[in-house]
């Protein structure tokens, strides 16, 4: 498959994901604490790894790195507007993540070529971690994923192995931290040890029944993206590169508009 074909496939997965997010199509069949309720979101997990892989490829192959960064920056800004309208409390743009990851790679390359690799690593690290406060989708781990795939070189197996490790880190380590780490820190700041241990113990049944299998399903489906990526033939393919830049904000606006009537 060409890069264009794989990105079209990822676009389909993204639409499925956002349909599940905005319309909750399985809500009539399953309660929110059912694993089946999130089936659309599981399928949608295949989108990010495919797009992240090709952002890394874009950084490796583009003939005009500055123009590539400018496109990502522009569409990162454009996508924040519909996202904040659709999700005012948690509007996160994946293009913001991709811009910061590409900026990190560009800064590192420039410093490395100038014989200053250490400042380049530090500056790249700052760019990666900015994805968290700037509301990039998938946060700093998402930006790190693109950088890691780029640094893996051009050997396909190594690229996909690194991609898989980043995916599992995000869904498993990140999921564990979200469920246990942040609440634990919040409790320790305000409550005594007795209440802390009681509250943390009360979280175990739900973690075992729902949160852990949910995280495993999300990570497992995301790793399924490695199957179509393994069929990448190294060719760009036909079609306009601008389609995928416009697709992200436009499909969000369309889906959000439809959600107002359903």
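Any read-out appearing in this document is the output of simple, stated calculations on the displayed coordinates, not a laboratory observation. Note that this is a predicted model, so its numbers are computed, not measured. Using ideal geometry, Cβ is built from the backbone for each residue, glycine included, and neighbour counts are taken over all protein chains shown.
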Query raised in the report: What ranking, highest mean first, results for peptides 1-8, 99-106 when packing means the other Cβ atoms within 10 Å averaged over each residue?
Result: 99-106, 1-8
Requested in this report: Quote the relative contact order of the chain in percent (integer), defining contacts as alpha-carbon pairs under 8 Å separated by 6+ residues.
Outcome: 28 percent
Query raised in the report: Does the stretch 1-80 come out rounded, prolate or oblate by the C-alpha gyration tensor, with a ≥ b ≥ c the root eigenvalues, rounded set by a/c under 1.5 and, if not, prolate when a/b is larger than b/c and oblate if not?
Result: prolate
Query raised in the report: If we sort 200-213, 240-253 on the protection proxy, mean other Cβ atoms within 10 Å, highest first, what's the order?
Result: 240-253, 200-213
Requested in this report: Describe numerically, in nm with one decimal, the distance between label points set 7 Å from Cα along Cα→Cβ at residue 67 and at residue 206.
Outcome: 5.1 nm
**Report entry** Angle between the chain longest axis and helix 242-259 axis [Cα atoms, degrees, rounded to 10]
**Finding:** 30 degrees
Requested in this report: Compare the peptides 20-31, 127-138 by average per-residue count of other Cβ atoms within 10 angstrom and give them in order, highest first.
Outcome: 127-138, 20-31
Query raised in the report: By how many degrees, between 0 and 90 and to the nearest 10, does the Cα long axis of helix 212-223 differ from the longest principal axis of the chain?
Result: 20 degrees
Report task. With a ≥ b ≥ c taken as the square roots of the eigenvalues of the C-alpha gyration tensor of the stretch 119-262, please select rounded if a/c is under 1.5 and otherwise prolate if a/b is larger than b/c or oblate if it is not? Result -> prolate
Requested in this report: Mind pulling the angle between the C-alpha long axis of helix 193-202 and the longest principal axis of the chain? Nearest 10 degrees, somewhere in 0 to 90.
Outcome: 80 degrees
**Report entry** Anisotropy class of the stretch 203-262 from Cα gyration tensor, a/c 1.5 cut
**Finding:** oblate
Query raised in the report: How much length is gained on full extension from residue 227 to residue 196, taking 0.36 nm per residue of separation minus their Cα-Cα distance?
Result: 6.8 nm
Query raised in the report: How big is the gap, in Å, between the Cα center of the stretch 1-58 and the Cα center of the stretch 149-182?
Result: 18 Å
**Report entry** Sites residue 110 and residue 247, calculated FRET efficiency, Cβ-Cβ separation with R0 25 Å, nearest 0.05
**Finding:** 0.25
